[in-house]
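Okay, so here's the structure we're looking at.
Any read-out appearing in this document is the output of simple, stated calculations on the displayed coordinates, not a laboratory observation. Predicted model only: the values in this text are computed from it and were never measured. Cβ placement follows ideal geometry from the backbone for every residue including glycine, while neighbour counts extend to all protein chains displayed.
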Amino acid sequence: MNENEWFTIPKAAKLAGVSAPTMRKWIASDLIEVAYLPSIGSGKYRHGRIRKRDIDDFINKLPKKRTDQS
C-alpha cells in the first residue's frame, strides 16, 4: 500500500481497527487529518478522505496495549 493512498472514512476506520463512528470522533476532535471533497448539489453530505500515512502516524502515537505476562 502506498503511504499517500487515500481512504474513505469507513475504510480508514477498518484499516485502523476501529468503527467509522470512532474515526469520525477522532476527526471531530482534530486527532487525525481529513480532506473533504468539494460538495456537489446541496452540500448536505461531506465526503472525507484520509491519507494512509496519517492513519499510520496516528496509530503509532496511541499507547500500546499492555499484556500481563504472569
Report summary line: Taking a straight Cα-to-Cα line shorter than 19 Å from K65, and setting aside same-chain aspartates and glutamates fewer than 8 residues away, one finds D56, D57
Query - Fully extended contour minus Cα-Cα distance, from L62 to N2, at 0.36 nm per residue - result: 19.4 nm
Report task. Treat each spin label as a single point 7 Å out from the Cα along the C-beta direction, and report the D30 to K52 distance in nm. Result -> 2.9
